[in-house]
Structures are given as C-alpha cells and as structure tokens.
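Note sheet for the following structure.
Just so it is clear, none of the values below were taken in a lab; they were calculated from the coordinates. Small disclaimer: the values here were computed from a predicted structure and weren't measured. Backbone-built Cβ (ideal geometry, glycine too); neighbour counts: all protein chains shown.
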C-alpha cells in the first residue's frame with residue numbers, strides 16, 4: 001500500500017512537475033532517465049494566472065554565475081529556514097522512525113511531530129542514497145511514498161563550517177512509477193551531463209537560497225544551498241567557490 005507523505009521536489013515557477021503512473025510517457029529510446037523535457041504549453045498543469053509573465057521576468061534576471069535565474073520568493077526562503085530549524089532542534093530514534101512507517105502503512109492519522117534522524121541507517125530507504133562529500137550531516141527526514149515497507153525519498157541536511165547549510169533531496173521515481181516533466185525553456189545548466197534547472201531565491205532581507213534540480217536514471221534530485229552571508233556589506237557569501245551547482249556535481 002502506498003501512502004503519499006509529500007516531497008518538496010519542484011522548483012518555483014512551475015519549472016518542473018512530477019507525474020504519477022497514469023498517462024506516463026516512456027523514457028527516450030534506449031534511455032533510462034525518467035524525465036521528459038517539454039515546452040511550457042505541454043506541461044501537465046498550466047502555470048497559474050500571471051505566472052508565465054513572472055517566469056519570463058525571472059529568466060531575464062541572472063545571478064552572478066551568469067546562468068541561474070533570480071526570483072524573489074520570501075515564502076520559499078522562510079520555509080527552508082523553518083525546516084532547517086526543525087531539523088537542527090529535533091532528533092528521533094530508530095524506533096520512532098520505524099513506528100512512523102507502521103502508522104503510515106496502517107492508514108491511521110499521521111503524527112504532526114516530524115521524524116528527523118541523525119543516521120540514514122535509521123530510515124528504511126528503498127534505494128541507495130547518493131554519497132555526499134561536503135559538510136557534516138545534521139539530520140535526515142523521510143519523503144515520498146512507502147513501497148514494500150521502504151521510503152521512496154529522503155532529504156538530508158548538512159552544515160559546511162564557515163560556508164552555510166545545504167540539503168540534498170532524492171526521490172526514487174522508478175519505485176513510485178512516476179515520470180518527471182521539466183520545462184525545456186527553464187533548463188539552464190547540466191549536472192553529470194543531465195539537463196538541470198538552477199534558480200536563486202531571495203527574500204526582502206537579502207537572504208538567498210540556491211537550488212538546482214535534475215533527474216539521473218530513475219532518481220529525481222534537488223540540491224538547496226543556503227550560504228552564510230555575514231561577510232562584508234554587500235551580503236555576498238563567504239566562499240564563492242561553493243554553490244548549489246558545485247555541491248550537486250559532487251554527488252555520487
């Protein structure tokens with residue numbers, strides 16, 4: 001029995017869309033990537049009213065890397081910061097994580113207290129999570145659906161001393177039977193040779209998030225990076241050599 005818990009794996013501006021098994025196109029001939037690049041008017045769900053103009057305007061504003069689109073999105077920035085605060089302040093035991101799975105499988109009401117573990121081994125994940133080289137793990141949470149008693153997704157949060165915090169989100173599309181639709185016009189970079197969408201989100205206080213999203217094989221990835229910004233008067237991050245794209249390139 002599959003239960004959807006929810007995964008924040010779509011970028012803002014309706015740049016991408018995860019579709020379930022119904023009406024699912026097949027991967028390209030000879031390919032295994034569960035992603036389909038489509039024109040904006042071919043997306044499964046049209047953008048909300050006025051969103052197309054906002055997407056075009058965001059595409060014209062570029063970050064200092066020269067390719068990432070910049071979008072003011074205080075809600076998304078605040079959401080990530082709140083989730084980071086929860087992860088830093090909450091630790092669950094392996095027994096609590098296992099009990100949570102049984103609760104979800106049973107169909108009983110899901111507890112509002114989040115499951116945050118400090119060891120990936122405390123979660124039953126149905127795929128091999130990518131190897132991360134930068135930063136110290138501060139917490140991991142289950143995402144996606146439960147298939148055969150195992151989660152189809154996981155989010156891990158890391159701290160890079162002197163640089164900031166970052167999160168790597170992974171979703172096993174093959175296990176859940178999904179295909180990922182990606183707006184071809186929004187693709188602006190590559191990760192491991194795969195088309196990717198890179199975006200910078202900002203709020204009214206000058207805080208920023210860098211995000212990059214792509215699909216490799218049957219797995220959907222999103223890296224979110226929140227750089228420290230307390231150096232200098234211009235709010236730029238301390239270590240310009242680190243970015244969401246560079247962190248994504250490290251995953252194996």
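Sorting 201-209, 146-154 by average packing, meaning the other beta carbons within 10 Å per residue, from highest down gives 146-154, 201-209.
Order of 34, 156 from fewest to most other C-beta atoms within 10 Å?
156, 34
Note on region 80-174: Kirkwood radius taken over Cα pairs, Stokes-Einstein applied at 4 °C and 1.567 mPa s, translational D equal to 94 µm² s⁻¹. Could you state, as a whole-number percent, how many of the C-alpha pairs of region 139-252 are farther apart than 17 Å? The calculated P(r) of region 139-252 puts 59 percent of pairs beyond 17 Å.
Can you put 112, 32, 103, 189 in order of Cβ neighbours within 10 angstrom, beginning with the fewest?
On the way: 112 5, 32 10, 103 14, 189 17.
The most exposed by this proxy come first: 112, 32, 103, 189.
Order these peptides, 241-250, 129-138, by their mean beta-carbon neighbour count within 10 angstrom, highest first.
Listed from highest to lowest mean packing, they are 241-250, 129-138.
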